[in-house]
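Below is one structure, written out as structure tokens; comments come after it.
Rule-based calculations on the coordinates, nothing more; no lab input. Here the structure is a predicted model, which means the values were calculated and not measured. Note: ideal-geometry Cβ built from the backbone for every residue, glycine included; neighbour counts use all protein chains shown.
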Amino acid sequence: VYWDVALACLTISIKFHRDVLFPLSVIYAHEFLCLAPHEVEFEDLENAQRDVLEALAYQVGSATPGAFMAELWLALPTLRRLVGFDGGWERVQEHAWEVLCEALQQNEVLSYPISLLTAAAVIGGILEALVQRYK
């Protein structure tokens, strides 16, 4: 049981911090499973991750920056007109994710709702995309 929880914590940590390790290569579930000194099935790992998140009262179905960005894109026709050019929305999202990942390293990030942080990051991304387009 200890190894299952330890493996789950490691897996969650890696997922939280970009799903990659240096030199930025993806880590697959089967690679985590090999770390335990006993046989662990994929379902066991998934259940252990769920148990850890539940113990921390984390809502797996909670709103995420990606969901907020998708909702903004669908809800705002003006946003689609503003950055609907080739690669525009992708640049906005890329910049927003960079800002959000950087924000995760700051303690103050917990003082603000994720929706507000995402909106601010998207605004910055819009500016960045427009500057790149009109250079």
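One table, with the values for the structure above:
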| quantity | calculated |
| --- | --- |
| Relative packing of 40-49, 88-97, which averages over residues the other C-beta atoms within 10 Å, highest first | 88-97, 40-49 |
| Approximate spin-label separation residue 82-residue 35, in nm, with each point projected 7 Å along Cα-to-Cβ | 4.1 nm |
| Cut-off 15 Å between beta-carbons: net charge of the residues surrounding residue 82, Lys and Arg +1, Asp and Glu -1 | +1 |
| Calculated from backbone phi, Karplus (6.51, -1.76, 1.60) coupling profile of the range 108-119 in Hz, x at Gly/Pro | 5, 4, 6, 7, 10, x, 4, 5, 5, 4, 5, 4 |
| Residue 104/residue 57 FRET efficiency (R0 25 Å; Cβ-Cβ; nearest 0.05) | 0.85 |
| Electrostatic dipole magnitude of the chain [Cβ: Lys, Arg +1; Asp, Glu -1; Cα centre; debye, to 20] | 900 debye |
| Length added when fully stretched, residue 133-residue 15, from 0.36 nm per residue minus Cα-Cα | 39.2 nm |
| Estimated FRET transfer efficiency when R0 is 30 angstrom, pair residue 46-residue 2 (beta carbons, to 0.05) | 0.95 |
| Neighbour net charge for residue 46 - beta-carbon separation under 14 angstrom, K R +1, D E -1 | -4 |
